[in-house]
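The values are calculated or read from the model by the stated rules, or taken from the named source; none is laboratory data. Nothing here was measured: the structure is a model prediction, and the numbers come from that model. Neighbour counts are summed over all protein chains in view; Cβ atoms, including those assigned to glycine, are modelled from backbone coordinates with ideal geometry. We work out accessible area using only protein heavy atoms, side chains counted, and drop any ligands, DNA or RNA first. Shrake-Rupley method; radii C 1.70, N 1.55, O 1.52, S 1.80 Å.
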Amino acid sequence: AAGISAIRTLRSLDQQAQIISVSDEQENPYNKCFLADYLSGDKSEEQTYTFKQPLIDQLAIDMRYDTKVVAINTHDKHIMLENGSTESYDKLLLATGTRPLWPKIKNIDSYSNVFAFHNLKSAQGLSSFIKQFCPKNAVVIGAGLSGVEAADALTKHAIKVDLVERNPQL
């Protein structure tokens, strides 16, 4: 969200600037607040997108998907992408987002039936798992906003959910 807001602001300030956006995600930007609605079936994947191709074209943004910045050279003002290519810049904005916080459970991220509920890809994986295996029970670890929303979305699939939180309150 911060990156998209920054792109819109930058474009409004300079109509001619070359703006490149680099993301490790594979799809157009989407609203993370809609992930629970997507998982529950209340919104389609298309309805989660907030920055669709016509707007990207209109704003003349060079979107680079499914790649990461692996190095920043502030002296020479360029970044290196994971494929080895480089891009120069006059100004650089880092809008890195967040990462899921995994509990300290050995190999937790290696199981096929354990999911983070963090981005569209993880919500898609969880949705596919539900459709394929029709689970009856789930445990959601973490009762923050995302955890509670995930638990609510799972109940809409007739899944009994146990919500686990390490803190004494939600």
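Put simply, the Cα atoms of the chain extend 53, 35, 32 Å along their principal axes, the longest span coming first.
Computed over the chain, relative contact order equals 19 percent, with contacts defined as Cα pairs under 8 Å that lie 6+ residues apart.
Within the accessible surface of region 93-170, defined with a 1.4 Å probe on protein heavy atoms only, the carbon and sulfur portion equals 55 percent. Counting only protein heavy atoms and a 1.4 Å probe, region 120-170 has 66 square angstrom of accessible area per residue. Per-residue 3J(HN,Hα) values for region 43-55, derived from phi via the Karplus relation 6.51 cos²θ - 1.76 cosθ + 1.60 with θ = phi - 60°, read 10, 7, 4, 4, 6, 7, 6, 10, 9, 7, 3, x, 6 Hz in sequence order (x marks Gly and Pro). The Cα center of region 1-22 and the Cα center of region 91-150 differ in position by 29 Å.
Projected label points at Glu165 and Ala143, each 7 Å from Cα along the beta carbon direction, are separated by 0.4 nanometres.
Here's how it looks for Val140: its modeled amide H is under 5 Å from those of Asp162, Leu163, Val164, which are all 5 or more places away or on a different chain. In plain terms, the chain from Leu81 to Glu27 could stretch by 17.7 nm, reckoned as 0.36 nm per residue minus the Cα-Cα distance.
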